[in-house]
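The values are calculated or read from the model by the stated rules, or taken from the named source; none is laboratory data. Owing to the predicted nature of the structure, the values given are computational and were not obtained by experimental measurement. Reconstructed Cβ throughout: ideal geometry from the backbone, glycine too, with neighbour counts over all protein chains shown.
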Amino acid sequence: MTIKIDGRTLTINEIARVARDDVAIELTKDAIRRVTECEAFLETLIDEGRPIYGVTTGFGALDGRKVSRADNHAQQVNLLKSHAAAYGPPMSRDTVRAMMVIRVNALATGQTGVHLATLEALVAMLNAGITPHVPLQGSVGACGDLAPLAHMTLPLLGLGRARIGGSDWMDGAAVMQQAGIEPPHIAGRDGIALINGTEQTSGIGALALHDASALIELAEEAACLTMEALGAVSDSFDELTALAKPHPGQIVTSANMRRLTKDSVSVLPPRPTRLRDALSLRCIPQVHGSTRDAIAHAREAMEMEINAVNDNPIFGVADNLVTSNSGNFHGQRIGEVLDYAANSITSLAVISERRCARLVDENHNGGLPAFLIHPDAAQGRNNGMMIVQYTAASLVAEARTRAVPGTIQSVPTCANTEDHVPMSPLAARRAGDVVDIAQTIVAIECLLAAQAMDLRGIDPAPLLAPVYRTVRDAVPMMVEDRVLGDDLAAARAAVTDYAQTLH
């Protein structure tokens with residue numbers, strides 16, 4: 001199946017399919033028409049002698065310098081070479097591919113002035129499985145994610161490094177030749193059009209939000225499995241309780257918990273021996289529901305961003321519009337929602353770790369053995385699940401170190417002409433890191449809850465059986481002590497894959 005790119009309807013789920021499953025893309029006929037019309041419009045404006053930033057002028061604080069038409073090709077090429085100044089480890093293959101497809105979509109709006117041949121060469125690179133070498137660090141998120149996007153485009157010049165599929169890194173010219181792609185003639189406004197957007201932010205951020213949606217579903221199954229192991233009270237997620245404080249996420253989480261625990265032999269209404277639970281059990285709808293709301297809010301903003309004209313100048317053929325004074329390349333909006341999402345996911349991780357701690361604590365786990373040590377294994381000689389909770393605690397601390405928002409870290413650039421920048425790539429990277437950390441913490445909760453269920457000797461509710469079985473297919477119940485790092489790695493891989501089936 002091929003995903004149609006029209007500049008207007010690309011979704012986060014489609015980005016994930018292109019980035020991770022190598023699904024091909026294709027420009028729609030309307031997108032091709034708009035790009036061609038805008039390309040011709042730009043040529044007309046140049047012929048008329050209209051001043052256009054970054055075409056007839058220099059870039060940034062050099063915008064007072066005039067650039068002749070004869071120098072246009074060199075100007076655009078030099079832009080890409082000089083701006084490829086990022087540093088650090090290479091971005092992952094999926095985030096680079098996400099960045100590429102989102103930039104293709106922005107150019108397909110037909111308001112950037114890019115040549116169709118240049119856009120089609122970028123599409124061909126993506127479809128051929130070419131992944132440019134893009135260092136992770138160096139963008140401030142304003143005037144585009146300039147440095148990483150410049151590295152992304154270097155193979156179009158026969159420069160930089162890239163690889164095809166899982167091959168070793170090769171120089172850009174060799175990769176293009178191997179793929180049979182003719183490098184385009186970069187001219188007009190091609191150079192600036194390729195790099196003047198928020199695609200590093202949105203590429204990393206879109207995949208983080210995609211994974212966060214799956215994480216929420218997994219976290220609620222893990223939480224309900226823990227509730228079964230601990231014999232929790234059900235009225236905390238009663239429908240009337242949820243509607244009494246009707247935040248959308250709380251309502252959805254409560255309904256999901258009712259569905260997941262249906263026919264449970266352990267999660268029951270209040271009884272004389274159990275009227276209340278600890279807050280890590282009682283307040284799952286409030287905390288998980290809040291994360292649902294945060295991710296929904298961030299996804300809405302992200303999908304607006306990836307279908308927008310992230311550029312300057314921008315052109316409107318029908319309206320005879322050209323503006324060199326747009327700030328649409330600025331990543332503040334998506335940076336802020338990614339900061340918000342990262343904070344909320346951190347809270348999801350925190351409450352999961354608290355449930356982990358409760359499961360291993362003989363003073364609070366309702367009669368289960370200390371550290372979930374099997375009755376056939378001597379306590380003291382065996383340590384059980386003690387240290388996996390340490391790991392969860394360590395990961396919570398690591399997530400919290402990313403709690404300072406990226407988008408308040410503005411540092412002026414470009415001789416103070418760009419005197420407010422959003423640092424949105426930091427927010428995107430933080431969101432991605434926090435999702436990764438939280439996935440491991442929730443996997444630890446799944447591992448502990450499965451052990452606790454086995455020690456209780458009860459079967460999970462029917463709709464919780466799949467997550468329990470996923471854990472047990474990857475990791476058998478622990479009797480005598482063994483290397484738990486191997487168990488954790490296996491459980492995390494299994495439940496993370498399982499989570500992708502839930503949304």
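Tabulated data
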| quantity | calculated |
| --- | --- |
| Criterion (under 25 Å from ASP6 (Cα atoms) and more than 37 Å from the chain's Cα centre (by Cα)) met by exactly one of THR44, THR28, THR36 | THR44 |
| All strands (runs of 3 or more DSSP E) inside the range 75-149 with 2 or more residues being free of Cβ contacts under 8 Å to residues at least 12 places away in the same chain | none |
| Those residues of the range 300-329 which are outside any loop (DSSP other than H, G, I, E, B), over 19 Å from the mean Cα position of the chain (by Cα) and in contact (Cβ under 8 Å) with a residue 60 or more places away in the chain, in sequence order | ILE314, PHE315, GLY316, VAL322 |
| Criterion: closer than 19 Å to MET125 by Cα, more than 28 Å from the chain's Cα centre (by Cα) and either among the hydrophobic types (A, V, I, L, M, F, W, C) or assigned by TED's automatic domain parsing to the domain that holds ALA294 (or both) - qualifying residue of ILE192, ILE186 | ILE186 |
| Residue identified as touching a His at 6+ places or on another chain (Cβ under 9 Å), assigned by TED's automatic domain parsing to the domain that holds ALA450 and of a type in the set (D, E, K, R) among GLU239, GLU217, GLU221 | GLU217 |
| Considering residues of the range 110-154 that are β-branched (Val, Ile, Thr) and more than 23 Å from the chain's Cα centre (by Cα) only, the residue surrounded by the fewest Cβ atoms within 10 Å (Cβ to Cβ) | THR118 |
| Residues (of a type outside the set (Gly, Ala, Ser) and in contact (Cβ under 8 Å) with a residue 24 or more places away in the chain) located in the range 474-496 | VAL475, MET477, MET478, VAL479, GLU480, ASP481, LEU484, ASP487, LEU488, ARG492, VAL495, THR496 |
| Helices (runs of 4 or more DSSP H) enclosed by the range 168-282 - at least 3 residues per element that are surrounded by fewer than 17 Cβ atoms within 10 Å (Cβ to Cβ) | 172-179, 239-243, 248-260 |
| Test: residue in the range 91-106 that is crowded, with 23+ Cβ neighbours inside 10 Å and either outside the structural domain of LEU157 (by TED's automatic domain parsing) or closer than 14 Å to GLY191 by Cβ (or both) | yes |
| Members of the range 330-383 found to be touching a helix residue (DSSP H, G or I) at 6+ places or on another chain (Cβ under 6 Å), in a loop (DSSP other than H, G, I, E, B) and farther than 30 Å from ARG299 by Cβ, listed by number | GLU362, HIS364, ASN365, GLY366, LEU368 |
| Qualifying positions in the range 433-451 - over 14 Å from ILE216 (Cα atoms) and surrounded by fewer than 24 Cβ atoms within 10 Å (Cβ to Cβ) | ASP433 |
| Close pairs (8 angstrom Cβ cut-off, 6 or more residues apart or separate chains): on the phi > 0 side of the Ramachandran plot in the range 391-414, buried (at least 20 other Cβ atoms within 10 Å of the Cβ) anywhere | CYS414/CYS143 |
